[in-house]
There are 2 protein chains.
Amino acid sequence: MDKIGTMVMSRKDVKVFDCTIRDGGLVNNFQFEDEFVKGVYDTCVKAGVDYMEIGKNNSPTIQSPKEFGKWNFCLESDIRKIVGKNNTNLKIAVMSDIGRTVKEELKPKKESVVDMVRIAAYMHQIPSAIELIEDAHKKGYETTINIMAISKAMNDELDEVLDELSKTPVNIIYLVDSFGSFHPEQINKLAKKYTKIAKNSNKLVGVHAHNNMQLAYANTIEAMMYGASVLDVTISGLGRGAGNCPMELIVGFLKNPKYKLMPILKFIEHYIVPLEKKLDWGYSVPYMLTGQLNEHPRTAMKARDDADINFCDQYRTLLDTQ
Amino acid sequence: MDKIGTMVMSRKDVKVFDCTIRDGGLVNNFQFEDEFVKGVYDTCVKAGVDYMEIGKNNSPTIQSPKEFGKWNFCLESDIRKIVGKNNTNLKIAVMSDIGRTVKEELKPKKESVVDMVRIAAYMHQIPSAIELIEDAHKKGYETTINIMAISKAMNDELDEVLDELSKTPVNIIYLVDSFGSFHPEQINKLAKKYTKIAKNSNKLVGVHAHNNMQLAYANTIEAMMYGASVLDVTISGLGRGAGNCPMELIVGFLKNPKYKLMPILKFIEHYIVPLEKKLDWGYSVPYMLTGQLNEHPRTAMKARDDADINFCDQYRTLLDTQ
């Protein structure tokens, strides 16, 4: 498959998908003030962003509202406090974790201001994910499947999963670099694989990258050039650990005149500059090491929590336990 | 031209070139303590790095030693204090700026511990650069030409420059992304162009990237895949503004067993963690904006010096003056 598009033109099929609150929520247990969430919403609307993921719709019967902020649960009333009836071009999404949501709690679309339900699943959870996809689809939502940790999968396992998903009503299949361990050369091949299957079943491909090796933006662009059309970003890359593909890089790059950089810069001035003094995210050696070694970032999470700068010890431990 | 190499094997032709002191010197006017410079030298030797650029060989008759530290001048005695006779596999390089060096001050190679002279030149300085290349070559040094600001050149101008350089005795022609404004797609084409000319004249291609759009590592890898074999890096990306391609990413990626990551991590623990509290470098919005707009980073340099976070104003000013 050849490269799609050129450096000078825009592709009308490309959409920008904001995950600032949802992926950022992993940094602070979803404890964002309404003013901040409203700020992200207004920014997305003004910047021409296509989707905003406002949090997770996990069940308060499974996870405790004492431990997690309200954007881990996304009650309809909480969302409406931010977006009202959302008479804008921005669509609202929530993410469902397998085993943490209760299907019966998802209202029919006509009773909700939410437009899309995204299902995040490891490969062994695909049957559960398909149940949630079918339920959300039947209730009238757009759906995505975000297959996690594919860098740990054997190749034919991923093929089988993609084949099964192609038979479901899911709208977008996401190429996710959970551990920030892929290089553009690998993303290239994966994007072609996903796109081939998606095209044949009338679906789209999305891309969700992490910045462990300073490749989130490069990988997002590479996936886009080889078939992905829905690009996950967060403002200033806010997200767990090394963070995500920065919205300001993608919006500054895309040539579609509907996207505007200025509102994003304004949000960064007002909200991100102070937040950087309170929360820890972005490229750092511990997360680089887990990315390079294709490992879950749990050792890096601990290192950053403990402000542990013994990078040699961390590397030794990672090598010893591989 | 096809991609060279694979993800799993190493390429014996690839060399790692450290510029920590020289590019880092642009952050602090070359005011590094000997202990720090020795630390970089020892790290390069232990990590298997191929070249270390220890500073510039500008003339103290042109630039003032009151304003610049000794690594802006690289006296033979100062270098020897760090490297002795340098009985290692690491080669030592210095950089010459056009108009700031005095040809007569460059000793013959047999009187110097320096192995390589790198000439940095804008395109209008190519005739002066060729004089310096010929002089250094005649005196017994390896040479490189680092053509700057090519993102501002018209295409045939660059072709003419490369053609002229192909007739000189220079050993390595550098693909330099001065403003951090190139995407991998553009680096790909440039690397192929440089490599074609270099191959025909028995030269090598180097790559020197900047991180304004978090693409320094991605662009370095892309250039390597399409012909570049000498990769410029700095420890932790130390360098002016958004910084450079991090050594730890490249060494972690290359599969050649001679390269070792552990000594680099050790240096970061001991020297970079404290330095980060004193010096300012790395990805930031002001440098991202100049990169995206393909501009010299002078507005970003001022913004960072003034701790100016009025990103919208900076963007407006840049757009108004384009």
(message) I need the trypsin sites (Lys or Arg not before Pro) found in region B:135-178, filtered to DSSP loop residues with at most 12 other beta carbons within 10 Å of theirs.
(response) B:Lys167
(message) Please compute the length gained on full extension between A:Val45 and A:Lys167, using 0.36 nm multiplied by the number of residues separating them and subtracting their Cα-Cα distance.
(response) 40.6 nm
(request) Do me a favour and compute the ellipsoid semi-axes for region A:57-203 from its Cα gyration tensor, root of five times each eigenvalue, largest one first, whole Å. (result) 28, 17, 15
(request) Tell me, rounded to the nearest percent, the portion of alpha carbon pairs in the protein assembly as shown spaced more than 37 Å apart. (result) 37 percent
(message) Could you tell me the ratio Rg/Rh of region A:63-118? Both radii from Cα atoms, Rh via Kirkwood.
(response) 0.95
(message) What does the extension gain come out to for A:His124 and A:Ile4, with contour length at 0.36 nm per residue minus their alpha carbon separation?
(response) 39.9 nm
(request) Work out how far the C-alpha atoms of region A:204-322 reach from end to end along every principal axis, then list the three figures in whole Å, largest first. (result) 50, 36, 17
(request) Starting from a label point 7 Å past Cα on the Cβ side, list the distances from A:Lys152 to the same position in the other copies, nm, shortest first. (result) 5.0
(message) When a/c reaches 1.5 or more, the comparison of a/b and b/c decides; with that in mind, is chain B rounded, prolate or oblate per its Cα gyration tensor?
(response) rounded
(request) Only bridges with both residues in the protein assembly as shown count here: give the DSSP antiparallel percent, nearest 5. (result) 5 percent
(request) Count, for each residue of A:217-223, the Cβ atoms from other chains sitting within 10 Å of its Cβ, then give me the mean as a whole number. (result) 4
(message) Once R0 is set to 45 Å, what does the formula 1/(1 + (r/R0)^6) return for the Cβ-Cβ distance between B:Glu76 and B:Met262, expressed as a FRET efficiency to the nearest 0.05?
(response) 0.90
(request) Kindly give the semi-axes, whole Å and largest first, of the ellipsoid equivalent to region B:101-168, taking each as the square root of 5 times a Cα gyration tensor eigenvalue. (result) 25, 11, 9
(request) Largest first and to the nearest Å, give the Cα extent of region B:170-210 along each principal axis. (result) 29, 17, 8
(message) Restricting to DSSP loop positions (anything but H, G, I, E, B) with no more than 13 other Cβ atoms inside 10 Å of their own Cβ, which trypsin sites (Lys or Arg not before Pro) remain in region A:1-69?
(response) A:Lys3, A:Lys12, A:Lys66
(request) Give the Cα extents of region B:1-123 along the principal axes, in whole Å, largest first. (result) 50, 36, 32
(request) Normalising by the residue count of chain B, find the relative contact order in percent from Cα pairs under 8 Å and 6+ residues apart. (result) 18 percent
(message) Averaged over its residues, how many other protein chain Cβ atoms are within 10 Å of peptide A:237-248's Cβ atoms?
(response) 1
(request) Considering only chain A, pick the residue with its Cβ nearest the axis of the rotation onto chain B, and state the distance in whole Å. (result) A:Ala218, 2
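Here, each number is a calculation from the coordinates, and none is a lab measurement. Source: prediction; values computed, not measured. Ideal geometry is used to build each Cβ from the backbone, glycine not excepted, and the neighbour counts take in all protein chains shown.
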